[in-house]
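Written below as structure tokens is the structure these notes are about.
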Amino acid sequence: MPYYEPSAKQWERDLMELRNRLLSAAGLIIFVTIVGIVGFLVIDPDAGLIRAFFMTAITLTTVGYGEEISIDTDGAYIFVAVLILIGMGSTLYFVSTGTAFLLEGQLGHVFRRRRMERDLAAMSGHFLVCGSGRSAFYAAAELAAVQRPVVLVVSDASAADELSSELPDVLVIVGDPTDDEVLRAAGIERAGGVIACSESDNENVVITLTARQLNPRTRVVSKLQDVDQEHKVRKVGANSVVSPQHIGGLRMASELIRPTVVTFLDTMLRDEDRNLRIEEAVIPPDSPLVGGAIRDIGLDDIPGVLLMAVRFPDGDWTYNPSRTDRIRAGETLIFLGSPDDARALRERVQRPDGPAPLGG
């Protein structure tokens, strides 16, 4: 998928260039045609406008049906010869201009960019990943793998070319992720979440602050190299902070003391056939399940779901909950399942008119 560059409005520039070149070529042909008509009327004032136009047309196209206007003077011969040369040149310029845009794909790029702009305007509840490094790539790839709509915002075109080829199904935007207009073009006001994943801590702080100002309701996760600065990032609006060094240290320790568990989690994440993930579903206040028991969710109708834990609104947890436990608004269900299973469970707990059978 080609990338989109909102700050430069490339598709507008390309379309303007195409229009100007084609109009100039068409204008030259019209001008030569008018000159030819006038010239033939001067050669033979009695010829009339239609015959003069016909004579001009067959001269410019070199069809040569015959002389409708007598050419019997040196001046007439010179005029016709010059008209043929200029007419052929202007026609070739017009044809080559249109052909070049078609063969070079420029016209296709114009309409693809326009379509991408419409797709961005229609997106809602999607996730923005801001950054050009491998961390941003893995974050965007994971969101795409679990069928979440994602937009990747990178700062330079070379990174966009590379990431577009590696993530063909992810929409890539080129622009400064700290720029308000770039984030607005990515749909920040309608986004469900933002990942600030630049290689610079300072830039991640600015991305976090900008995203929070543009959308106070969205969830923001920020990458941070220096864990001592976590309080500053949270202060400017980050809901969560992730340190690659911290996560990497924990991973190495786990590899040492619980290698089978780590292998299980890696296999689960990399299994392209089942695509299992540990997911979550929040119980909204208007859910028809509020006040009922966990068994009322109908987990047996979604056999791919394994309910692992429940997080209560006050922050407490219960693991391997009983099917008789009551459901309260604001609780979060933690479960193992595929993206399709996760979507089915979320629809079930959020359906305003109550659970519906999922077997059909």
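Using a Gaussian network model of the chain with C-alpha springs under 10 Å, which one of G337, G133, G98 is most mobile by mean-square fluctuation?
Its mean-square fluctuation being the largest, the pick is G98.
Given an 8 Å cut-off on Cα distances and at least 6 residues of separation, report the relative contact order of the chain as a percent.
The normalised contact order for the chain reaches 12 percent.
Just the number, please: percent antiparallel of the DSSP beta bridges in the chain, rounded to the nearest 5.
45 percent
Indicate the gyration tensor shape class of the range 203-288 (rounded, prolate or oblate), computed on the Cα atoms with a ≥ b ≥ c the square roots of the eigenvalues: a/c under 1.5 is rounded; otherwise a/b larger than b/c is prolate and the rest oblate.
Oblate.
In what sequence, highest mean first, do 278-287, 151-160 appear when ranked by Cβ atoms within 10 angstrom?
Final packing ranking: 151-160, 278-287.
At most 13 other Cβ atoms within 10 Å and a DSSP loop assignment: could you name the trypsin sites (Lys or Arg not before Pro) in the range 302-331 that fit? Walk me through the intermediate numbers first.
Details: sites: R311, R323, R326, R328; in loops: R323, R328.
Here the sparse-neighbourhood loop sites are R323.
Listed highest first by mean packing, meaning other Cβ atoms within 10 Å per residue, what order do 171-178, 229-236 come in? Walk me through the intermediate numbers first.
Values: 171-178: 23.9, 229-236: 15.6.
Top of the packing list down: 171-178, 229-236.
To the nearest 0.05, how large is the calculated FRET efficiency for A309 and E166 if R₀ is 35 Å and r is the Cβ-Cβ distance?
Efficiency, from the Cβ-Cβ distance: 0.55.
Quote the charge dipole size of the range 111-186 about the Cα centre in Debye, to the nearest 20; the model charges only the Cβ of Lys and Arg (+1) and of Asp and Glu (-1).
With only Lys, Arg, Asp and Glu charged at Cβ, the dipole is about 340 debye.
Can you tell me which of Y319, Y93, Y138 moves the most in a GNM of the chain? Springs connect C-alpha atoms under 10 Å apart.
Judging by the Gaussian network model, the answer is Y319.
What's the magnitude of the charge dipole for the chain around its Cα centre, counting Lys and Arg as +1 and Asp and Glu as -1 at the beta-carbon? Answer in Debye, nearest 20. Could you put the intermediate results ahead of the total?
Values: 35 positive and 49 negative charges, 238 e Å.
Dipole size: approximately 1140 debye.
Can you show me the helix-derived [θ] at 222 nm for the chain, built from DSSP H runs with n ≥ 4 at -39,500 (n - 2.57) apiece and divided by the number of residues, rounded to the nearest 500.
Here the helix-only value at 222 nm equals -16500 deg cm²/dmol.
Roughly what would the spin-label model give for A157 and K232, points 7 Å off Cα along C-beta, in nm?
Roughly 3.4 nm, to one decimal.
Along the charge dipole of the chain, which of A57, M16, A47 sits closest to the positive end, that is, farthest toward it, with unit charges on the beta carbon of Lys, Arg, Asp and Glu (+1, +1, -1, -1)?
M16
Just going by the charge dipole of the chain, with Lys and Arg at +1 and Asp and Glu at -1 on Cβ, which of V32, A191, G131 is farthest out on the positive end?
A191
Which value, in Å³ per residue, describes the convex hull spanned by the Cα atoms of the range 144-247? List each step's numbers first, then the result.
Working: hull volume 10.9 nm³, N = 104.
Each residue corresponds to 105 Å³ of Cα convex hull volume.
Order of 190-203, 28-41 by packing, highest average Cβ count within 10 Å first? Intermediate results must be reported in sequence, preceding the final value.
Numbers: 190-203: 20.9, 28-41: 17.4.
Highest to lowest by the protection proxy: 190-203, 28-41.
Working from the pairwise distances between different alpha carbons, so that the mean of 1/r is found and then inverted, what is the range 276-350's Kirkwood radius in Å?
12.1 Å
Dividing the convex hull volume of the Cα atoms of the chain by its residue count, what figure in Å³ per residue is obtained?
Dividing the Cα hull volume of the chain by its residues yields 225 Å³.
Taking 8 Å as the Cα distance limit and 6 or more residues as the minimum spacing, I'd like the relative contact order of the range 124-248 as a percentage. Each step should come with its number before you reach the end.
Working: 242 pairs, mean separation 29.0, N = 125.
In percent, rounded to a whole number, it is 23.
We did not get these values from a lab; they are worked out from the coordinates using the rules stated. Since we're looking at a predicted model, the values are computed, not measured. Heads up, the Cβs are rebuilt from the backbone with ideal geometry, glycines too, and the neighbour counts pull from every protein chain shown.
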